[in-house]
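What follows is a short report on a single structure.
The values are calculated or read from the model by the stated rules, or taken from the named source; none is laboratory data. Just so you know, these numbers come straight off a predicted model, no measurement behind them. A quick note on method: Cβ atoms are made from the backbone with ideal geometry, for glycine too, and the neighbour counts reach across all protein chains shown.
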Ligand SMILES: NC(=O)c1ccc[n+]([C@@H]2O[C@H](COP(=O)([O-])OP(=O)(O)OC[C@H]3O[C@@H](n4cnc5c(N)ncnc54)[C@H](OP(=O)(O)O)[C@@H]3O)[C@@H](O)[C@H]2O)c1
């Protein structure tokens, strides 16, 4: 059993909480608006608590379910409280003004920037950025479980995230070191850009067949 703290109770907070609870992993939901966190908690089934951003983190795994621009201030504010924790970065740092690029330079990634801002003892794993929120609620598309691509430099941290992913009925795939987040973030952006030609309204999933 792994305890998770999910910061941000929007679409992805809901999706990841749903899968974590489906796998019987307890969840703490935190939002800038504690009412939003408690409202989401009341809709979910399982061991779930709620609170406000800034509250102590009860999870061993902390999910940053917020926009990229909010993620670095969050890890800076929590600071040493993140030591010893696995921190999951789910962000797609898309430049929404142009919808034509990422805001991060090519030689880095949101995940690496977040890791640089986090204390040394925090182990950052990129995950869930290539899966859409609504598909995480159901856990599958076209009767097939979602593939969740992971990147990180700490094998134990990736194994912990993979166990949460698999308990929730999804398939975890280790994509390699944290720098692989550069490719994952471009893949997440591509998947978003494909919604218009596919006409799938953020209901599609990337699946690796074999
Ligand atoms: N939606 C998807 O399908 C999808 C897929 C893959 C990855 N992602 C990534 O997941 C992240 C969250 O996306 P989402 O779709 O869940 O967005 P969302 O529905 O808009 O939810 C965003 C959450 O972040 C919180 N937030 C915003 N700014 C904050 C700040 N400065 N400090 C603390 N909390 C803040 C919001 O809190 P308030 O309630 O206070 O506004 C809200 O709870 C993004 O980085 C996105 O790129 C999304």
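One residue is enough: does region 16-35 have a residue meeting the conditions within 15 Å of the ligand (Cβ to nearest atom) and closer than 18 Å to residue 119 by Cβ?
Within region 16-35, not a single residue is within 15 Å of the ligand (Cβ to nearest atom) and closer than 18 Å to residue 119 by Cβ.
Run residue 207 past the list (1) within 16 Å of the ligand (Cβ to nearest atom); (2) part of a helix (DSSP H, G or I); (3) more than 14 Å from the chain's Cα centre (by Cα) and report the number of the one that doesn't hold. So the condition that residue 207 fails would be (2). Looking at region 99-112, is at least one residue away from the ligand (no atom under 15 Å from the Cβ), in contact with a strand residue (DSSP E or B) (Cβ under 6 Å, 6 or more places away or on another chain), at pLDDT 95 or above and within 24 Å of residue 14 (Cα to Cα)? No, every residue in region 99-112 fails to be away from the ligand (no atom under 15 Å from the Cβ), in contact with a strand residue (DSSP E or B) (Cβ under 6 Å, 6 or more places away or on another chain), at pLDDT 95 or above and within 24 Å of residue 14 (Cα to Cα). So residue 50 clears everything in (1) within 13 Å of the ligand (Cβ to nearest atom); (2) in contact with a strand residue (DSSP E or B) (Cβ under 6 Å, 6 or more places away or on another chain); (3) under 20 Å from residue 146 (Cα atoms) except one condition, right? Which one? Condition not satisfied by residue 50: (3). Checking each residue in region 37-51 for being touching a helix residue (DSSP H, G or I) at 6+ places or on another chain (Cβ under 9 Å) and surrounded by 15 or more Cβ atoms within 10 Å (Cβ to Cβ) picks out 37, 40, 41, 44, 46, 48, 49, 50, 51.
Are there helices (runs of 4 or more DSSP H) fully within region 93-180 with at least 2 residues that are touching a residue at least 24 places away in the same chain (Cβ under 8 Å) and within 26 Å of residue 80 (Cβ to Cβ)? List them.
Helices (runs of 4 or more DSSP H) meeting the threshold: 110-117, 155-167.
Got at least one residue in region 74-87 being more than 11 Å from the ligand (Cβ to nearest atom), in contact with a strand residue (DSSP E or B) (Cβ under 8 Å, 6 or more places away or on another chain) and in a strand (DSSP E or B)? Scanning region 74-87 turns up at least one residue that is more than 11 Å from the ligand (Cβ to nearest atom), in contact with a strand residue (DSSP E or B) (Cβ under 8 Å, 6 or more places away or on another chain) and in a strand (DSSP E or B).
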